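Here is the structure we will look at.
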Amino acid sequence: MDADKYNRSIALHCSTCGGTDFEYDEADDGPIRCTGCDREFTRDELIRENGATIKAQVDEVKKEVVSDMQKELNDRLRKSFRGSKYIKFK
């Protein structure tokens, strides 16, 4: 199974202006500033305020993973028991 298939990039939004562009210093864990309205967030605040969007993306990926795992397991079982006259798959 290819784990890269499930990588997602989620656009976080400023709860004040709805902007998606932020400035931050990757070197430290300082404030994150919205470039649209200059509001400053901590990383935790930004994640908490975008929780619904993040949860929706996580739920979507979960569904894909479960579906792909079921398909892969079914394919492996079919391959393992191929040619057996006692075990049949529908």
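The values are calculated or read from the model by the stated rules, or taken from the named source; none is laboratory data. Note that the coordinates shown come from a computational prediction; the quantities given were computed from them, not determined experimentally. With ideal geometry, Cβ positions are generated from the backbone for all residues, glycine too; neighbour counts draw on all protein chains shown. Keep in mind that these areas ignore ligands, DNA and RNA; they rest on the heavy atoms of the full protein, side chains included. Shrake-Rupley method; radii C 1.70, N 1.55, O 1.52, S 1.80 Å.
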Query raised in the report: Okay, which of segment 47-86 sit inside 20 Å, backbone N to the point 7 Å along the Cα-Cβ direction of Ser15?
Result: 47-58
Report summary line: Given the candidates Leu46, Ser67, Ile87, the one whose Cα lies deepest towards the positive end of the charge dipole of the chain, counting +1 at each Lys or Arg C-beta and -1 at each Asp or Glu C-beta, is Ile87
Report summary line: For the pair Ser84 and Lys5, the simple spin-label estimate (label points 7 Å beyond Cα toward Cβ) gives in nm 2.5 nm
Query raised in the report: For Lys62, which lysines qualify as cross-link partners when the Cα separation must be under 18 Å and same-chain residues fewer than eight apart are set aside?
Result: Lys5, Lys71
Query raised in the report: Roughly speaking, what is the centre-to-centre gap between segment 39-90 and segment 1-23 when only Cα atoms are used, to the nearest Å?
Result: 19 Å
Query raised in the report: So, counting K/R as plus one and D/E as minus one, what does the shell of residues with Cβ under 14 Å around Lys55 add up to?
Result: +1
**Report entry** Computed lengthening from Glu23 to Lys71, 0.36 nm per intervening residue step minus Cα-Cα distance
**Finding:** 13.1 nm
Query - Within the accessible area of segment 1-51 (1.4 Å probe), percent carbon and sulfur - result: 43 percent
Query raised in the report: Can you list the lysines whose alpha carbon sits under 16 Å from that of Lys88, skipping same-chain ones fewer than 8 residues off?
Result: Lys79
